[in-house]
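These notes are about the structure you will find just below.
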Amino acid sequence: MKLIFHQVRLVDHSMDRRGSLVVEDGHIREIHIDEVPADLAKAGGAAIHIDCSGTDWVLMPAFVDLHAHFRDPGFPEKESLESASLAAASGGFGTVVCMANTKPVIDNLDLARKLQSRAERLGLIDLFPVLALSRNMEGHDTGHLEALDAKTIGGTVRLLSEDGKDVADDRVLRKALHEARRLGLPVSYHCDWGGKEAEDAKKAGLPRCIWSRLEENLATERVLALAAETGVHIHIAHVSTKEAVELIRRARKGSAAQGFRLTCEATPHHLACTEEIVDQLGPESYGRVNPPLRTAADIGALIEAVQSGIIDAIATDHAPHTEADKAQGAPGFIGLETAFAACHTALVAERHLSLKKLSALMSRNPSRILRLEDRGFLAPWARADLVLVDPSAEWTVQKEDFKSRSSNSPFIGQRLQGRVLMTIHRGNIVYDTLTNYPRRIG
Ligand SMILES: [Zn+2]
């Protein structure tokens, strides 16, 4: 299928120009800046033409999420690979990494491959399941990693993570990091110490949402020390405190000399929501997330870190839960369908960040962390994973509109600016709000 976007604003990490873009055979075939060649304007026949002249619509590389929970296998009441993929595609994502805290845990290549091929058959996104750092996420045994080699993991696994669990035993964590280094894989590390501070706070009758500031900071320090020791590529998941930002800033300065690579991510909710909304949502129920929402000063530090490049990527930590689970205090928010709009509203519309920079954070940088060099930017022969957005469209987030099976979003009822109109995956339209729209011909 040939797809031609006419007179659209083209934005990626290095470009912000008006032009036209041709998609063919799953790839970007041509990009024409400013002038549209006459033959392109006339190219009829089998092509689908999307005329964006007179609009401020933006065509960008599809987003790449380093951190999502698909809950598959094991928790169909919360989400399935199918519903999460649909949520991702409608949020403008083309590639997603799903975490291993499923039932059974994703700690073997067989299960990872099965999930990946199910996603491939579905054709909405590319899925890269992570493998757990320890067998069954029990924190004891790394034998499942020792059995692997870089060749067999091939295109299936591109990241290791114990996600929300800490590997408490230093020896086991060290061994896991050594294995990751041998396999050439980055490790996404969720910095807390298993919630001891949370439990203490609960026992003391304090709201759990105030926990874990110290835990996050100390756990960040610990894993940075082990990264320097093992030479692994460490990727810090969902940074949320200003102190952790500072630790990462300092560690990054010395990381090259010490022989390790350090990257990190922040979530849309940590960038856009302060702890104030936790009380409205319920600190022990709908407002609960790990790490908790922090203060305005933390958000200020995160935004500065995003601007200065200390934070490399925006990742959703999409964490679907049923209403009953949230009422019981299950931590996490869904995020795939609101990520772009939330970041666009909080960062771009507020003039903290250019759209180019947001594209780097949501597409180019996460692709590079996963060593996926064929996507995340606009260039001839790059993968045609694209998203068409309307940056000025305002919309109110409605519970009923989620494609996810869950609706535990902190943005419900909020007015956001920026909306995904269409998502292209491998050259195919997989999400489309423009059907029957007069600008679409063919
Ligand atoms: Zn997570």
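In the range 358-393, the qualifying residues are those that are buried (at least 24 other Cβ atoms within 10 Å of the Cβ) and of a type in the set (S, T, N, Q), and the one that is farthest from the chain's Cα centre (by Cα) is SER359. Among the residues of the range 262-277, just one is outside any helix (DSSP H, G or I), within 22 Å of PRO366 (Cα to Cα) and in contact with a Gly (Cβ under 9 Å, 6 or more places away or on another chain), namely THR267. Return the residue satisfying two criteria in turn: it lies in the range 106-140 and is small (Gly, Ala, Ser) and assigned to a helix (DSSP H, G or I), and of such residues it is nearest to the ligand (Cβ to nearest atom). Out of the qualifying residues, it is ALA112. Sub-6 Å Cβ pairs linking a first residue in the range 281-295 that is in the same structural domain as GLY332 (by TED's automatic domain parsing) to a second residue that is away from the ligand (no atom under 16 Å from the Cβ) and among the aliphatic types (A, V, I, L, M), at least 6 apart or interchain, are SER285/ALA327; GLY287/VAL278; GLY287/LEU281; LEU293/VAL278, ordered by first then second residue. The number of residues in the range 278-304 being open to solvent by 40 Å² or more (accessible area, probe 1.4 Å) and assigned to a loop (DSSP other than H, G, I, E, B) comes to 1.
Counting the residues of the range 84-101 that are within 16 Å of the ligand (Cβ to nearest atom) and open to solvent by 10 Å² or more (accessible area, probe 1.4 Å) gives 1.
Condition check ((1) away from the ligand (no atom under 15 Å from the Cβ); (2) touching a His at 6+ places or on another chain (Cβ under 8 Å); (3) open to solvent by less than 70 Å² (accessible area, probe 1.4 Å)) across all residues:
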{"site": "GLY154", "(1), (2), (3)": "yes, no, yes"}
{"site": "VAL157", "(1), (2), (3)": "yes, no, yes"}
{"site": "ASP163", "(1), (2), (3)": "no, yes, yes"}
{"site": "ASP166", "(1), (2), (3)": "no, yes, yes"}
{"site": "ARG174", "(1), (2), (3)": "yes, no, no"}
{"site": "LEU183", "(1), (2), (3)": "yes, no, yes"}
{"site": "SER188", "(1), (2), (3)": "no, yes, yes"}
{"site": "ASP192", "(1), (2), (3)": "no, no, yes"}
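Restricted to the range 322-432, the set of helices (runs of 4 or more DSSP H) holding at least 1 residues that are of a type in the set (D, E, K, R) comprises 323-327, 355-359, 365-369. Inclusion of LEU355 among residues that are over 18 Å from ASP65 (Cβ atoms), crowded, with 23+ Cβ neighbours inside 10 Å and of a type in the set (A, V, I, L, M, F, W, C) is not warranted.
With respect to being open to solvent by 10 Å² or more (accessible area, probe 1.4 Å), aliphatic (A, V, I, L, M) and assigned to a helix (DSSP H, G or I), ALA251 fits the description.
Number of residues in the range 341-352 that are surrounded by fewer than 21 Cβ atoms within 10 Å (Cβ to Cβ) and either within 16 Å of VAL387 (Cβ to Cβ) or within 16 Å of the ligand (Cβ to nearest atom) (or both) equals 1. Among the residues of the range 305-340, those that are within 18 Å of ALA84 (Cα to Cα), away from the ligand (no atom under 16 Å from the Cβ) and surrounded by 19 or more Cβ atoms within 10 Å (Cβ to Cβ) comprise GLU337, THR338, PHE340. Cβ-Cβ distances below 9 Å connect the following pairs, each with a first residue in the range 303-328 that is among the basic types (Lys, Arg), a second residue that is within 16 Å of the ligand (Cβ to nearest atom) and open to solvent by less than 20 Å² (accessible area, probe 1.4 Å), and a separation of six or more residues or different chains: LYS326/GLY332; LYS326/SER406; LYS326/ASN408. Within the set SER354, SER363, the sole residue that is in the same structural domain as LEU271 (by TED's automatic domain parsing) and out of contact with any strand residue (DSSP E or B) (no Cβ under 7 Å at 6 or more places or on another chain) turns out to be SER354. Taking (1) in a helix (DSSP H, G or I); (2) in contact with a helix residue (DSSP H, G or I) (Cβ under 7 Å, 6 or more places away or on another chain); (3) more than 18 Å from ILE334 (Cα to Cα); (4) open to solvent by 10 Å² or more (accessible area, probe 1.4 Å) in turn, LEU148 satisfies each apart from (1).
The values are calculated or read from the model by the stated rules, or taken from the named source; none is laboratory data. Given the structure is predicted, the values throughout are model-derived calculations rather than measurements. Glycine also receives a Cβ, built like all others from the backbone with ideal geometry; neighbour counts cover every protein chain displayed. Calculation scope for accessible area: heavy atoms of the full protein, side chains included, ligands and nucleic acids excluded. Shrake-Rupley method; radii C 1.70, N 1.55, O 1.52, S 1.80 Å.
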